[in-house]
Amino acid sequence: LSMAAPAALQRSVVSPAGRHTASLIFLHGSGDTGQGARAWIKQILNQDMAFQHIKVIYPTAPARPYTPMKGAFSNVWFDRYKICNDCPEHIESIDSMCRGLTDLINDEVKNGIAKSRILIG
C-alpha cells in the first residue's frame, strides 16, 4: 500500500492589510467547509475576520466516508467510530489530518512565517 501525497487542502484566505507576519488557520466543524466557516464568522462580526499583519486561512477538510453518517462522504477532519465521549479515536484518519495540516503549516513557514507565529483554531 503506497501512501500517495495528499492533495493540498482547499482554502479560503483573508490576506493581511499590511505586512504578513503571522497566520491563523481556522478549522471548520464536521460537514462544513472553509468558505462556510468564513461566511459564519463574517455574519457574526458583520465583516471578515481581518488583521493588519495576520493572514487568516480557512481550509476545507477533504471529503471522506464518515462512519456516523453510515459511510456517506462528508467534509470532516477525521472519522469517528461513533459520536460519544468515551469511544476510541480513529487514529488512522487523525494521522492523515495531521499530515494535511502539517503541509499547510509548512507552506506558511516557506512564506517566511515562524512556527511560533502560526495558530490553529
In nm, to one decimal, how far is the Ala63 label point from the Cys87 one, both placed 7 Å along Cα→Cβ?
2.3
Within a Cβ distance under 15 Å of Trp77, other residues only, what is the Lys/Arg minus Asp/Glu net charge?
-2
Using the alpha-carbon atoms, what tilt in degrees (0 to 90, nearest 10) does helix 91-110 show relative to the longest principal axis of the chain?
20
Given a 1.4 Å probe and every protein chain left where it sits, what share in percent of the accessible area of the chain is carbon and sulfur?
55
In segment 3-121, lysine pairs 8 or more places apart or on different chains with C-alpha atoms under 23 Å apart total 4
I'd like the orientation of helix 34-45 relative to the chain: the angle between its Cα long axis and the longest Cα principal axis, in ° from 0 to 90, rounded to 10.
60
Compute the distance in nm between two label points, each set 7 Å from the Cα along the Cα-to-Cβ direction, one at Phe73 and one at Trp40.
2.2
Can you give the accessible area per residue of the chain, in Å², using a 1.4 Å probe?
64
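The values are calculated or read from the model by the stated rules, or taken from the named source; none is laboratory data. Bear in mind that the values here come from a model prediction, so they are computed numbers and not experimental data. No Cβ is skipped: glycine too gets one built from the backbone with ideal geometry, and neighbour counts run over all protein chains shown. With ligands, DNA and RNA removed, areas are computed over all heavy atoms of the protein, side chains included. Shrake-Rupley method; radii C 1.70, N 1.55, O 1.52, S 1.80 Å.
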